[in-house]
1. Debye sum, Cα scatterers, the chain, no solvent: what log₁₀ I/I(0) at q = 0.16, 0.24 1/Å?
2. Taking only C-alpha pairs under 8 Å that are 6+ residues apart, what is the relative contact order of the chain in percent?
3. Ignoring GluC sites (Glu not before Pro) that are buried or in helix or strand per DSSP, and keeping those with at most 10 other beta carbon atoms within 10 Å, what is the longest stretch of the chain between them?
4. Working with all protein chains in place, sort Asp38, Asp106 by solvent-accessible area computed with a 1.4 Å probe, largest first.
5. Report the FRET efficiency, 1/(1 + (r/R0)^6), for Leu93 and Met42, where r is their Cβ-Cβ distance and R0 is 22 Å, rounded to 0.05.
6. Tell me the per residue accessible area of the range 17-73 using a 1.4 Å probe; a whole number in Å² is fine.
7. Chymotrypsin sites (Phe, Trp or Tyr not before Pro) within the range 20-108: which are DSSP loop residues with at most 12 other Cβ atoms inside 10 Å?
Amino acid sequence: MSSGRDRRSGGTGTAVESRTKARLAKPRMYKVLLHNDDYTTMEFVIFVLQGIFHHSESDATRIMLHVHKNGVGVAGVYTREIAETRIAQVEALAREHEYPLRCSMDEA
């Protein structure tokens, strides 16, 4: 039985409002790459991988050896802002220790 009142216009019933949920696109991810050089020590690269990229000692050693043998290796994959921050941290630390360690990013 209907009371004659429209439920959507302030009647005694409950109004149901349908909302479309906006889907956010996943952010683009970027690989942070370490580049091999003839001067930066293996120990310093491991130090960087552990300190800045939070890798375990065994993972840091594995990545460092990959960089040493192949010329370049992935230190991590992050959103653009985080990748840029990590690169700046690596470059600042390398300059502080007088190493020419280069770091770059590439879309994942």
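1. Calculated log10 I(q)/I(0) at the listed q: -0.72, -1.30.
2. 38 percent
3. 18-97
4. Asp38, Asp106
5. Efficiency computed from Cβ-Cβ geometry: 0.90.
6. Per residue, the range 17-73 has an accessible area of 76 Å².
7. Tyr39
The values are calculated or read from the model by the stated rules, or taken from the named source; none is laboratory data. Note that the coordinates shown come from a computational prediction; the quantities given were computed from them, not determined experimentally. FYI the Cβ positions are ideal-geometry reconstructions off the backbone, even for glycines, and counts take in every protein chain you see. These accessible areas exclude ligands, DNA and RNA; they are computed on the full protein's heavy atoms, side chains included. Shrake-Rupley method; radii C 1.70, N 1.55, O 1.52, S 1.80 Å.
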